[in-house]
Every structure is written in C-alpha cells, then in structure tokens.
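J.: Sending over a structure as structure tokens; questions will come in a sec.
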Amino acid sequence: SFGGGPDFDPKYYVDIPLRYSLNETARAFDALPRLQNNTIPPRVLEQFLSQYFELADSNVIADAPKDFNRIPQNFLPLVHNPQVRKWALQIHELWLELSRKISPSVAMNPNKNTLLPLNNTVLVPGARFREVYYWDSYWVIKGLLVSGMTDTAKGVIENLMELAERYGFVPNGARIYYENRSQTPLLSMMIRAVYEKTHDKALLKRALPILLREHAFWTSEPHEVRVRDKNGDEHRLSRFWAHWNSPRPESFTIDTHVARGMNKSRAAQLYHDIATAAESGWDFSSRWMEDQQNLRTLRTSMIIPVDLNAFLFQMEKNVEYFASILGNQTIQTQFASAASDRQRAIQRILWSRKRGQWFDAWLSPNGCSFSENDNKTIVYEWKQKRLTYASNFVPLWAGVLPKGDPRRALVVEALNKSGLVLPAGIATSLRNTGQQWDFPNAWAPLVDMVIEGLDASGIPRGKMMAKAISQSWIRSNYEAYHQVGKMLEKYDATSCGKIGGGGEYNLQTGFGWSNGVVLSLLQKYGWPADKPLFCPDAL
Ligand SMILES: OC[C@H]1O[C@H](O[C@H]2O[C@H](CO)[C@@H](O)[C@H](O)[C@H]2O)[C@H](O)[C@@H](O)[C@@H]1O
C-alpha cells in the first residue's frame with residue numbers, strides 16, 4: 001500500500017524504472033499540486049507514479065537456465081525418504097523462479113534504472129530482493145552445485161567479478177544505491193566451491209587479479225585499522241565501513257525516522273553506521289549498538305568484527321591456494337604470510353581462552369596513539385565486548401585454529417553451552433531486540449557456517465552436534481514450508497517450524513540462501529528412508 005501503511009516499503013519505489021528522462025520526471029514532480037503542509041495528496045502521487053514510472057519488474061526477464069533439469073542427474077544420492085526427495089525437488093525447481101536476465105534496456109538507459117546491468121543469469125534472493133546480493137550468492141552457489149547447475153553458478157560468479165572490476169570491490173547488491181558499500185566478502189569461497197567441482201583453472205586465472213583488488217579494498221584504510229596487543233605488538237585487522245552518511249535510499253523513510261531530532265552531524269554519523277551495518281550483512285543487530293535496545297546508538301564503524309576477519313583469513317588462504325595451483329609463487333608467499341599475520345592478530349585481539357570463543361573488539365574513538373612504524377597512522381585502543389553472537393563461532397568454520405589444535409574442543413564446548421543451540425537451529429544472539437539479526441531469529445547462512453565448522457572441528461562431540469543441528473534445521477524449514485507453502489528468508493530458532501520476524505521490512509519468501517542450505521545439507525548428510533521429516537512434536 002502507498003502512504004506509510006504497514007506494508008509500505010520504500011525500496012519498492014526506488015526500484016521502479018523511469019519511463020522518461022530524469023529531468024522530465026523531476027520537472028513533472030515539481031509541478032505536482034501540494035497541500036497546505038507541502039505534502040502531495042496520495043492519489044495525485046499514485047497517478048504520477050503510474051504515468052512516469054514503468055512496472056516494478058519491467059527491466060528483468062524471467063529466465064530458464066540452460067543447465068536446469070527437472071530431475072538432475074545423481075540428485076541427492078543419500079536421500080532415501082520419498083517425502084524428502086519430493087520436497088528437495090520442489091526446492092530445486094525454485095531456481096527457475098529466482099532466475100532472471102537483466103533487460104538490455106538497463107545498460108542502454110542507466111539513468112532510468114537503479115538496477116545495474118549484468119551479462120549472465122542473475123539469481124535473486126526473492127520477493128522484495130529483486131537483484132543479486134553479494135554474500136547471499138555463496139549459499140545460492142552451494143545449492144546450484146547440488147542441483148548440477150555448474151554453468152549457472154559460474155555465471156553468478158562472473159557477474160560478481162564484473163562488478164568487482166567496475167568498482168574495485170563487490171557491492172552489497174546490484175543496485176546503484178548499493179555502490180557505497182560492499183558486503184561480507186565471500187567471492188573467494190564461491191570460486192573455491194566451483195573450482196573444487198570443476199578443476200577449472202581458467203576460472204582461477206580470471207579471478208586472481210580481481211581477488212587481489214578485493215583484498216586491497218578490505219586491507220586499506222578506512223577498512224583496515226591498527227591495534228596493539230597486551231605485549232605492545234601492533235596488528236592490522238579490518239572493519240566494515242560504508243562510504244555513505246545519508247539515509248539509505250531503499251529505506252529512506254525508516255532512516256530519517258530513526259535519526260529524528262538529531263543535529264546534522266550526529267545524524268550523518270548515524271546514517272554512516274546504518275549503511276555500515278548493511279555492509280556487514282547484519283542489518284540490524286544489538287551487536288552493533290552501544291545500548292543494546294536502541295538503534296540510535298549504532299557504532300558499527302568502530303568495531304572490529306570477528307566474522308569479517310575470519311572471512312578475510314579465509315580469503316587470504318584461498319588466494320594462497322589459487323596462486324599455488326597457478327604456479328604464482330610470489331603471490332602464494334605473500335598471501336601465506338598475510339593469512340598468518342591475520343591469524344595471529346585474531347588470536348591476540350579477538351580470542352578469549354577463558355570463554356572458548358572470539359569476541360568483537362570495540363575501538364575507542366578517543367583513546368588512540370600513533371604507529372611507531374609510521375607516525376601518521378592511528379593505533380586504536382580497544383576492548384572486547386563479551387556478548388554471545390553466532391558470529392563468535394565463525395572462525396571455527398574459517399579454519400583459524402589449525403587441525404588438531406586443542407582449542408577447537410574449547411570452542412565446541414563453548415558453543416554447546418552458549419544458549420544459541422536451540423530446538424530449531426542456531427539463534428543469532430541471546431537478546432530479543434525486535435531487530436532481525438537478533439534472538440530468536442535463525443538464518444540459513446549462520447546455521448550453515450556453524451554446522452560446517454562443527455563438522456570440520458575433528459571433535460566427535462562437534463560432529464554429533466553438527467548432524468543434530470542439520471536435522472532440526474531441515475525439519476523446521478520443511479514444517480514452515482508445509483504451512484506457508486514457501487521457503488523463507490529467516491526462521492525462529494525456538495520452535496520447529498516457527499517463522500522468523502522483526503526488522504525493518506516484512507518476512508520475505510523465496511529464498512535463495514535458505515534453499516541453498518537445505519540442498520547442501522541434504523547432500524552432505526542425506527536422509528534415511530524411515531526417518532520422519534515432520535517436527536518431533538507434530539508426529
Ligand atoms: O532494504 C534493507 C536492507 O536489505 C538488505 O539486507 C537484508 O537482505 C539481504 C538480501 O537477502 C541480506 O544480504 C542481508 O543480510 C539482509 O539483512 C540489504 O543488504 C541492505 O543493504 C538493505 O539496506
């Protein structure tokens with residue numbers, strides 16, 4: 001509905017293509033009649049929209065990828081239960097609903113579209129998310145590989161690489177209003193997933209210079225910061241940082257409401273921390289707030305996040321690996337050393353042996369000195385904020401602790417006792433703030449990283465936990481699918497089949513990463529013929 005009702009979504013309006021030129025549209029808008037309080041009557045505005053704007057999806061074309069087969073060859077060989085197979089095939093079929101080609105009109109008329117042109121098939125998350133998203137694509141690719149759609153997966157990577165060539169980083173999503181920030185950097189993991197399936201060296205050759213550029217983006221100021229450990233040794237770690245200090249166009253009305261009553265410079269700082277939270281993928285969460293219930297106290301850009309640094313460690317290891325395959329010794333050595341520096345920094349700054357997990361470090365805006373190596377660079381003071389979030393366990397997945405390291409057992413135990421492991425997956429945090437990246441929501445990407453981390457830990461208890469979490473997650477997704485008829489963006493970890501909620505927009509359906517995670521977990525663990533799929537209490 002238009003005019004600020006419960007279903008009003010500002011993103012819808014910034015996504016519609018213009019029918020005429022920007023100038024012509026602006027002139028017509030300025031000429032609209034206003035009420036005494038300078039607002040435009042809703043009906044006049046609606047008429048203006050239908051006259052001057054195209055339909056929302058008129059710049060994309062539904063696409064059936066060539067490598068899609070209704071029954072893929074060798075599909076889920078370990079799934080023996082017919083009910084599970086039937087559902088998995090329904091999920092597989094959803095790739096058709098989420099596949100789009102960008103209309104040539106987008107490249108021809110960039111000023112009439114906020115959508116960015118892309119040459120290959122685009123896989124969107126679903127519903128309001130009508131464009132490709134950076135970190136979502138990793139779990140979409142995992143699912144596409146299970147579906148035997150390797151060429152489509154390569155096309156998704158090629159799209160992201162084209163964006164990275166254009167901007168020097170992969171933007172949050174393929175819209176012009178996402179150009180000011182990136183998102184959780186998982187491009188190297190996507191490339192590794194496809195390489196492990198195809199052994200396609202040409203892909204690695206094409207990707208290597210792009211990954212070097214992406215790495216430089218995350219390891220230069222303002223993303224990179226310097227800190228000293230207790231012994232006085234200096235380390236470099238990274239943070240999220242959007243180049244934006246206005247309301248997000250896709251959430252304009254929401255952001256201006258959050259910043260109401262603030263002076264200009266305080267509001268600009270808040271808008272920056274809002275966009276920075278969007279770069280983290282955790283928009284929004286108590287994780288970034290000074291006062292955990294108050295969005296107005298976001299400090300995202302002054303936090304060194306555990307997960308970001310774990311992802312960058314993984315990127316460094318992947319580049320080292322790709323360079324070794326391509327026979328590029330210089331890069332191999334350079335990235336081996338970057339990875340070991342980051343591993344040391346993560347352990348010295350973010351690790352807590354006592355708590356068996358890693359915590360985000362909060363930078364002090366006032367307490368800082370200058371680097372001894374170069375007396376212009378700031379070295380921040382910092383403090384770990386010891387709160388429980390699913391992100392505290394991402395380094396286990398990223399392999400920050402080497403194989404056989406006894407600290408892995410501490411992490412498994414800490415996760416087991418954390419309160420995050422619930423009957424229907426992994427809660428994002430322990431705090432219910434009404435924000436979507438908090439309790440009780442459980443998100444497919446976090447659940448997948450926790451499961452994969454536990455499974456790879458080499459600790460028998462961790463392996464058992466991984467399997468049990470996978471089963472409860474699949475059951476919960478199925479139960480919700482059975483009720484709603486759709487795959488969802490997020491679920492509620494407290495009860496099997498319960499749907500997620502909270503946040504600034506309504507619960508979305510589709511849904512790329514949820515589909516990818518169910519398929520990849522079914523590929524990994526299978527499902528015996530006699531194991532029931534419904535929630536335990538529904539049996
Ligand atoms: O429109 C509000 C915000 O929506 C996006 O964030 C959420 O959806 C993404 C797509 O599934 C997901 O990647 C992200 O983790 C979610 O929080 C978008 O990424 C934000 O930039 C945007 O402001």
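The values are calculated or read from the model by the stated rules, or taken from the named source; none is laboratory data. This one's a predicted model, so the numbers in the text were calculated from it and none came from an experiment. Cβ atoms come from the backbone with ideal geometry, glycine included; neighbour counts cover every protein chain shown.
J.: The conditions are (1) over 21 Å from Phe311 (Cβ atoms); (2) touching an Asp or Glu at 6+ places or on another chain (Cβ under 9 Å), and Val146 fails exactly one of them. Which is it?
T.: (2)
J.: So which residues in the range 395-415 are among the β-branched types (Val, Ile, Thr) and not in a helix (DSSP H, G or I)?
T.: Once the filter is applied, which keeps residues that are among the β-branched types (Val, Ile, Thr) and not in a helix (DSSP H, G or I), the range 395-415 yields only Val400.
J.: What number of residues within the range 339-380 satisfy the criterion of being in contact (Cβ under 8 Å) with a residue 24 or more places away in the chain, in a helix (DSSP H, G or I) and not acidic (Asp, Glu)?
T.: So the count comes out to 10.
J.: Let me ask you something else. Return yes when Ala493 is among the small types (Gly, Ala, Ser), buried (at least 17 other Cβ atoms within 10 Å of the Cβ) and within 18 Å of Pro125 (Cα to Cα) and no when it is not.
T.: No; evaluated as a whole, the condition is false for this residue.
J.: When you check Trp135 against the structure, is it within 17 Å of Lys490 (Cβ to Cβ), surrounded by fewer than 24 Cβ atoms within 10 Å (Cβ to Cβ) and hydrophobic (A, V, I, L, M, F, W, C), yes or no?
T.: So Trp135 passes the test.
J.: Which of the residues that make up the range 273-314 are assigned to a helix (DSSP H, G or I) and either in contact with a His (Cβ under 9 Å, 6 or more places away or on another chain) or among the aliphatic types (A, V, I, L, M) (or both)?
T.: If the condition is that a residue be assigned to a helix (DSSP H, G or I) and either in contact with a His (Cβ under 9 Å, 6 or more places away or on another chain) or among the aliphatic types (A, V, I, L, M) (or both), then Ile274, Ala275, Ala277, Ala278, Leu295, Thr300, Ser301, Met302, Val306, Leu308, Ala310, Leu312 are the ones that fit.
J.: Another one. So if I check each of Val306, Val319, which one is crowded, with 23+ Cβ neighbours inside 10 Å, farther than 30 Å from Gly503 by Cβ, touching a residue at least 60 places away in the same chain (Cβ under 8 Å) and among the β-branched types (Val, Ile, Thr)?
T.: One residue alone meets the criteria, Val319.
J.: If I ask for residues that are away from the ligand (no atom under 12 Å from the Cβ) and either surrounded by fewer than 19 Cβ atoms within 10 Å (Cβ to Cβ) or basic (Lys, Arg) (or both), which ones from the range 500-526 would you list?
T.: Gly501, Lys524, Tyr525, Gly526
J.: Quick check on the range 435-462: of everything there that is within 16 Å of the ligand (Cβ to nearest atom) and of a type in the set (S, T, N, Q), which residue is nearest to the chain's Cα centre (by Cα)?
T.: This residue is Gln436.
J.: Further question: Go through the range 482-530 and report how many residues are in contact with an Asp or Glu (Cβ under 9 Å, 6 or more places away or on another chain) and without any contact (Cβ under 8 Å) to a residue 40 or more places away in the chain.
T.: 2
J.: Oh, and also: If you check Leu415, Leu420, Leu326, Leu363, which single one turns out to be closer than 23 Å to Ala216 by Cα and in contact with a strand residue (DSSP E or B) (Cβ under 7 Å, 6 or more places away or on another chain)?
T.: Testing whether each residue is closer than 23 Å to Ala216 by Cα and in contact with a strand residue (DSSP E or B) (Cβ under 7 Å, 6 or more places away or on another chain) leaves just Leu363.
J.: Something else now. Go through (1) farther than 17 Å from Arg287 by Cα; (2) part of a loop (DSSP other than H, G, I, E, B); (3) not polar (S, T, N, Q) for Arg386 and report which single condition fails.
T.: Unmet for Arg386, out of (1) farther than 17 Å from Arg287 by Cα; (2) part of a loop (DSSP other than H, G, I, E, B); (3) not polar (S, T, N, Q): (1).
J.: Quick check: anything in the range 225-241 within 12 Å of the ligand (Cβ to nearest atom), crowded, with 20+ Cβ neighbours inside 10 Å and without any contact (Cβ under 8 Å) to a residue 40 or more places away in the chain?
T.: No, because not a single residue in the range 225-241 is within 12 Å of the ligand (Cβ to nearest atom), crowded, with 20+ Cβ neighbours inside 10 Å and without any contact (Cβ under 8 Å) to a residue 40 or more places away in the chain.
J.: Have a look at Ser470, Ser476 and point out the one that is outside any loop (DSSP other than H, G, I, E, B), more than 14 Å from the ligand (Cβ to nearest atom) and either modelled with pLDDT under 95 or in contact with a Cys (Cβ under 6 Å, 6 or more places away or on another chain) (or both).
T.: From the options Ser470, Ser476, the qualifying one is Ser476.
J.: With of a type in the set (A, V, I, L, M, F, W, C) and surrounded by fewer than 20 Cβ atoms within 10 Å (Cβ to Cβ) as the only criterion, which of Ala529, Ala427 stands out?
T.: That would be Ala529, the only listed residue that is of a type in the set (A, V, I, L, M, F, W, C) and surrounded by fewer than 20 Cβ atoms within 10 Å (Cβ to Cβ).
J.: Also, I was wondering about something else. Any residue at all in the range 416-428 that is more than 16 Å from the ligand (Cβ to nearest atom), in a helix (DSSP H, G or I), touching a residue at least 12 places away in the same chain (Cβ under 8 Å) and farther than 20 Å from Glu489 by Cβ?
T.: yes
J.: Please enumerate the residues belonging to the range 21-68 that are part of a loop (DSSP other than H, G, I, E, B), of a type outside the set (Gly, Ala, Ser) and over 26 Å from Ala174 (Cα atoms).
T.: Hits for the range 21-68 are Leu32, Pro33, Arg34, Leu35, Gln36, Asn37, Asn38, Thr39, Ile40, Pro41.
J.: Check the range 100-121 and report whether any residue there is under 22 Å from Ser514 (Cβ atoms) and within 16 Å of the ligand (Cβ to nearest atom).
T.: Yes, that holds for at least one residue.
J.: Looking at Ser246, is it outside any helix (DSSP H, G or I) and either within 14 Å of the ligand (Cβ to nearest atom) or under 19 Å from Gly173 (Cβ atoms) (or both)?
T.: In short, yes.
J.: Please work out which residue is nearest to the ligand (Cβ to nearest atom), limiting yourself to the range 122-137 and to residues that are part of a loop (DSSP other than H, G, I, E, B) and closer than 17 Å to Ile157 by Cβ.
T.: Pro125
J.: Does the range 7-16 include one or more residues that are within 16 Å of the ligand (Cβ to nearest atom), loosely packed, with under 13 Cβ neighbours inside 10 Å and under 21 Å from Thr509 (Cβ atoms)?
T.: yes
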